[in-house]
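Here is the structure we will look at, set down as structure tokens.
The values are calculated or read from the model by the stated rules, or taken from the named source; none is laboratory data. No experiment lies behind these values; they were computed from the predicted model shown. Neighbour counts are summed over all protein chains in view; Cβ atoms, including those assigned to glycine, are modelled from backbone coordinates with ideal geometry. Each accessible area value is taken on the protein alone, full model and side chains, heavy atoms only, with ligands, DNA and RNA left out. Shrake-Rupley method; radii C 1.70, N 1.55, O 1.52, S 1.80 Å.
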Amino acid sequence: QVQLVESGGGLVQAGGSLRLSCAASGRAFNIISASMGWYRQAPGKDRELVAALYSGGTTNYADSVKGRFTISKDRARNTLVLQMNNLQPEDTAVYYCKTRLGRDYWGQGTQVTVSS
């Protein structure tokens, strides 16, 4: 079992920044070796990958966030982080953290709202 708890969402003006955190726990879970990702779902749209950080250290970003978002791990805190800069109204969505340990595990999501 893996538990993921997101935090850090909120309301911000266009051009602003937010830092999302995903606290991970579970007896068999090892954040160092885990592949993890951030996804988002806007109203009326499918859930989409925002950024992924794989076990080997490589990253993958959606084209729409390249150069603005950065995914990283805080190993000391067992936390996945998404630094979001220059936020735009189209970034408004519920952001979810995901990992896989035998099966997919998702957090409950955190709302990000960007006003124009």
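Here Tyr105 fulfils each of the conditions (1) more than 17 Å from Ser21 (Cα to Cα); (2) of a type in the set (Ser, Thr, Tyr); (3) in a strand (DSSP E or B) apart from (1). Do we find a residue being open to solvent by 40 Å² or more (accessible area, probe 1.4 Å), free of Cβ contacts under 8 Å to residues at least 24 places away in the same chain and touching a strand residue (DSSP E or B) at 6+ places or on another chain (Cβ under 7 Å) anywhere in the stretch 92-102? No, that holds for no residue. From the list Ala62, Ala42, the lone residue that is free of Cβ contacts under 8 Å to residues at least 40 places away in the same chain, open to solvent by less than 70 Å² (accessible area, probe 1.4 Å) and among the small types (Gly, Ala, Ser) is Ala62.
Is it the case that Arg47 is in contact (Cβ under 8 Å) with a residue 60 or more places away in the chain and open to solvent by 40 Å² or more (accessible area, probe 1.4 Å)? The answer is no for Arg47.
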